[in-house]
Amino acid sequence: MLDLSDIFGPGGPLQSALPDFKVRRGQLRMAERIADALAMKESLVVEAGTGTGKTFAYLVPALLSGQRVLISTGTRTLQDQLFSRDLPLVARAIGRPARVALLKGRANYLCQYRLDRAGEAHAQLELVSGSAARAGGTRSMLARIERWSHTTRRGDLAEVSGLSDSHPVWAQVTSTRETCLGQRCPDISRCHVVQARREALDADVVIVNHHLLLADLALKEDGFGDLLGAADAVILDEAHQVADLATQFFGASVSTRQLETLLKDLRAGLAAAAPGVLGALRGVEEAIMVLRAAAPGGSTRVPFVPRSGAAGAAAQRLEEALAVLQETLAAVSDSEAIEAVAARLAAQQEALARIMDADDIDGARTLESSSRALTMSLLPFDISERFRNLLQSRRGAWIFTSATLSVGEEFGHFTGRLGLADAGTLHIDSPFDFERQGLLYLPAGLPEPAAPGFVAAVMETAVGLIDAARGGAFVLFTSHRALAQGAALLRQRWGGQAPYLLLVQGEAPREQLLAQFRADGNAVLLGTASFWEGVDVKGEALRLVVIEKLPFASPEDPLVRARIEHLTATGGNAFRDYQLPEAALVLKQGAGRLIRSEDDYGVVAICDPRVTGRSYGRTFLAALPAMSVTRDAAEAYRFLRRHLPREPHVAVAVP
């Protein structure tokens, strides 16, 4: 029987199965430590630098263990990659076939019942309006989904080319917990959600995402608890996302969109002779309108104080209106449909009561406005004890891994937030030669970030670097305001004769921007939060990353402000224990966009003078890969010119 050193070593099954497989000591070390943790049913935190090959490092010991393993990822993209490519490849290479299931949230699967109703409703709309042209795009997509529905086995809408989850048709052909008819559905025998969960219960390895896993941990997802309970081990990839997501799941939220959907379903299920219910229903609708009017305009998140001010009074009115509706329904409930709505109403009441009645030490209460809904939330300050108790109540191994979990190889910030003080830790350096492949440029003479001309100075610095690199650049900002200002300055400078394709976050979907960036080869992409992590551009298309300033979370955000106040009130040091390590980890993510393979070269430029001018700058520098450092612009230009693409890139059209 092959051991791990044989599998990962020269001439081993992985190298035989993958022509580009490289033997890495760090990968073997990670696999051995994970194998030990699985055998001993321990908790383990592993930071594996870019290029370690961490996916294979946990898949091989997971398959060899013979245990039932749950693998949780941060994105659906990685879920699909594990299921369709990585796991089958590893299983074949090491001769360990396994029953593997992919399980996503309900809203990713086609609901046949709702597809049929959507087609009927669309045809009726065309008949009434007499305009087929206006709805041609929707009709075409529905027809495509209808054809696909007869051939798909899994019903995963990711299989439908050209359909994104932002397309209006997506919501029409999927169900939510609120809209699902459950056992009463006439199409339950061909329900893809039921089928996916059944397959997951019978599988050796189940691939989920963090949202689904945390929904189960927080006891918010019906029908999924058996999966976690039956797992011998849980492996969480992209684990740096878990603490923030867990904070949301362990809190409480109520949105006007959820309530409006509930009221719509209630109206549809009511008998004609229910005047009392209709009156109570209108009372809730009026309370929602009052709450909307009291909320701040635009897309923003503000602190929320129950029973105080216009918004607090409006929330109290909503709480009272929901109670009246619940009492009225209890008196007239005469059908399964009404009882189901009443149960959903009770859950919303419970969440709202938790938000309204929480103590100030329990968490931050916020009111968030968007174009689609108004959401009241309670976000706990500290989830460590609850998360630790949940893990300890389920006997088995818990493996957390990511490229960014430590600050200067110290894991205390990550383990502290999740209550993992007793977990083992392991740091694996990236196999890349950062000192040779990368250069960290810290420009001299830039103004402080608070200065009026800061963004203009950053863009002036960026333009010089972009010209030296001949494009191929990410410019990463810490706010949408700075992003918009930077884009305007660049367009003003270049006019109608831009020397490079300019891509700006918000002007097209994220994946489309990335596809255009890769295809062009010399593009300049301006982005904010969503481009600091989870973006992988290997090769010469990306050779420069300019970071506007240190990514401290805005103290104006009510959750950030509340956490600062909570830590201060409880004797902690908010800057040292929260703001600084969080920002250092985000910077580590942003700088990590540059070097993604042994053949990548480039410059990371950090335009914030606080990196060198403040004592805490050392913490940020310690978090970054060990690149050569310069403050000389000429040296940065020379490095970029020395590593220009070897051949002129021919842009590829992106559909």
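The values are calculated or read from the model by the stated rules, or taken from the named source; none is laboratory data. Owing to the predicted nature of the structure, the values given are computational and were not obtained by experimental measurement. As a convention, Cβ positions derive from the backbone with ideal geometry for all residues, glycine included, and neighbour counts pool all protein chains shown.
Brief remarks follow.
- Unique residue being at negative phi and modelled with pLDDT of 90 or more when the list is 106, 117, 85, 76: 85
- When we screen 565, 582 for residues that are in a helix (DSSP H, G or I) and either within 20 Å of the chain's Cα centre (by Cα) or of a type in the set (Ser, Thr, Tyr) (or both), the only hit is 582.
- Taking the stretch 547-562 as the range and being closer than 21 Å to residue 616 by Cβ and part of a helix (DSSP H, G or I) as the test, the residues that pass are 560, 561.
- The listed residue being surrounded by fewer than 20 Cβ atoms within 10 Å (Cβ to Cβ), assigned by TED's automatic domain parsing to the domain that holds residue 80 and touching a residue at least 12 places away in the same chain (Cβ under 8 Å), out of 167, 211: 211
- From the options 473, 423, residue that is in contact (Cβ under 8 Å) with a residue 40 or more places away in the chain and over 25 Å from residue 597 (Cα atoms): 423
- Selected residue (criterion: surrounded by the fewest Cβ atoms within 10 Å (Cβ to Cβ)) from residues of the stretch 365-402 that are among the hydrophobic types (A, V, I, L, M, F, W, C) and part of a loop (DSSP other than H, G, I, E, B): 373
- Of all residues making up the stretch 605-649, the number that are under 18 Å from residue 51 (Cα atoms) and either touching a strand residue (DSSP E or B) at 6+ places or on another chain (Cβ under 8 Å) or of a type in the set (Lys, Arg) (or both): 4
- Annotation note: of 344, 372, the sole residue that is in contact (Cβ under 8 Å) with a residue 40 or more places away in the chain, within 21 Å of the chain's Cα centre (by Cα) and not assigned by TED's automatic domain parsing to the domain that holds residue 567 is 372.
- So residue 15, is it modelled with pLDDT of 95 or more and either of a type in the set (Lys, Arg) or more than 30 Å from residue 143 (Cβ to Cβ) (or both): no
Results for (1) among the hydroxyl-bearing types (Ser, Thr, Tyr); (2) surrounded by 21 or more Cβ atoms within 10 Å (Cβ to Cβ); (3) within 22 Å of residue 531 (Cα to Cα); (4) in contact with a Gly (Cβ under 8 Å, 6 or more places away or on another chain), shown as yes or no for each residue.
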site: 579; (1), (2), (3), (4): no, no, yes, no
site: 588; (1), (2), (3), (4): no, yes, yes, no
site: 595; (1), (2), (3), (4): no, yes, yes, yes
site: 602; (1), (2), (3), (4): no, yes, yes, yes
site: 621; (1), (2), (3), (4): no, no, yes, no
site: 629; (1), (2), (3), (4): no, no, no, no
site: 633; (1), (2), (3), (4): no, no, no, yes
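- Candidates 227, 266, 278: the one that is outside any loop (DSSP other than H, G, I, E, B) and modelled with pLDDT of 85 or more is 278.
- The stretch 379-399, residues that are hydrophobic (A, V, I, L, M, F, W, C), modelled with pLDDT of 90 or more and under 23 Å from residue 40 (Cβ atoms): 387, 397, 398, 399
- Out of 506, 464, 486, one residue alone is outside any loop (DSSP other than H, G, I, E, B) and within 24 Å of residue 553 (Cα to Cα). It is 486.
- Matching residues in the stretch 428-460 - criterion: being in a helix (DSSP H, G or I), of a type in the set (A, V, I, L, M) and touching a residue at least 40 places away in the same chain (Cβ under 8 Å): 455, 457, 458
- Matching entry among 405, 390, 379, 329 (being more than 30 Å from residue 71 (Cα to Cα) and either free of Cβ contacts under 8 Å to residues at least 60 places away in the same chain or not polar (S, T, N, Q) (or both)): 329
- Counted residues, the stretch 1-49 - those being in the same structural domain as residue 69 (by TED's automatic domain parsing), of a type in the set (Gly, Ala, Ser) and within 20 Å of residue 96 (Cβ to Cβ): 4
- Matching option when the condition is farther than 26 Å from residue 598 by Cα, surrounded by 15 or more Cβ atoms within 10 Å (Cβ to Cβ), of a type in the set (A, V, I, L, M) and assigned by TED's automatic domain parsing to the domain that holds residue 588, among 490, 514, 542, 525: 490
- Breaking point among (1) in contact with a Leu (Cβ under 8 Å, 6 or more places away or on another chain); (2) in contact (Cβ under 8 Å) with a residue 60 or more places away in the chain, for residue 554: (1)
- The lone exception for residue 328 - which of (1) under 30 Å from residue 183 (Cβ atoms); (2) crowded, with 16+ Cβ neighbours inside 10 Å; (3) under 27 Å from the mean Cα position of the chain (by Cα) it fails: (3)
- Pair list, Cβ < 8 Å and 6+ apart or interchain, from the stretch 295-314 residues that are part of a loop (DSSP other than H, G, I, E, B) to residues that are basic (Lys, Arg): 304/365; 305/365; 306/365
- Inclusion of residue 297 among residues that are among the small types (Gly, Ala, Ser), modelled with pLDDT under 90 and surrounded by fewer than 21 Cβ atoms within 10 Å (Cβ to Cβ) is warranted.
- Any hit, the stretch 184-199, residues being of a type in the set (Val, Ile, Thr) and assigned to a loop (DSSP other than H, G, I, E, B): no
- Residue identified as among the small types (Gly, Ala, Ser), touching a residue at least 24 places away in the same chain (Cβ under 8 Å) and buried (at least 20 other Cβ atoms within 10 Å of the Cβ) among 37, 17, 91, 98: 37
- Some residue of the stretch 20-29 being touching a residue at least 24 places away in the same chain (Cβ under 8 Å) and of a type in the set (Val, Ile, Thr): no
- Every residue from the stretch 141-161 that is assigned to a helix (DSSP H, G or I) and among the basic types (Lys, Arg): 144, 147
Residues are listed down the side, and each one gets a yes or a no for (1) in contact with a Gly (Cβ under 6 Å, 6 or more places away or on another chain); (2) of a type in the set (Val, Ile, Thr); (3) closer than 18 Å to residue 598 by Cα; (4) in a helix (DSSP H, G or I):
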{"residue": "10", "(1), (2), (3), (4)": "no, no, no, no"}
{"residue": "22", "(1), (2), (3), (4)": "no, no, yes, no"}
{"residue": "31", "(1), (2), (3), (4)": "no, no, no, yes"}
{"residue": "38", "(1), (2), (3), (4)": "no, no, no, yes"}
{"residue": "46", "(1), (2), (3), (4)": "no, yes, no, no"}
{"residue": "55", "(1), (2), (3), (4)": "no, yes, yes, yes"}
{"residue": "58", "(1), (2), (3), (4)": "no, no, no, yes"}
